[in-house]
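Q: Structure below; questions to follow.
Readers should treat all values here as calculations from the given coordinates under stated rules, not as data from a laboratory. Values in this document were obtained by computation on a predicted structure and should not be read as measured data. As a convention, Cβ positions derive from the backbone with ideal geometry for all residues, glycine included, and neighbour counts pool all protein chains shown.
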Amino acid sequence: MRQLTETHFFTEKIHLTLSCGVTQMQGKDDSHRVVMRADDALYKAKHEGRNRVEVVM
């Protein structure tokens, strides 16, 4: 998804990047905990230079 966003041709010249945070459910995680981990991963991706995918387990 990130690579497709980066290489997609638009009719107007724009600079577009995509940062993603990824995790998975573990043990007795509830949805709130999973979303919080994914959010942490997203902010890590932005902090590490953007246009990247970060995984937090």
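Q: Consider Glu6 carefully, then state whether it is surrounded by 10 or more Cβ atoms within 10 Å (Cβ to Cβ), over 11 Å from the mean Cα position of the chain (by Cα) and of a type outside the set (A, V, I, L, M).
A: Yes.
Q: Turning to a different aspect of this structure: Just the residues that are in contact with a strand residue (DSSP E or B) (Cβ under 6 Å, 6 or more places away or on another chain) and either farther than 18 Å from Leu4 by Cβ or not in a helix (DSSP H, G or I) (or both), please, taken from the range 16-57.
A: Residues satisfying the conditions are Cys20, Gly21, Val22, Ala38, Ala41, Leu42, Lys44, Val53, Glu54, Val55.
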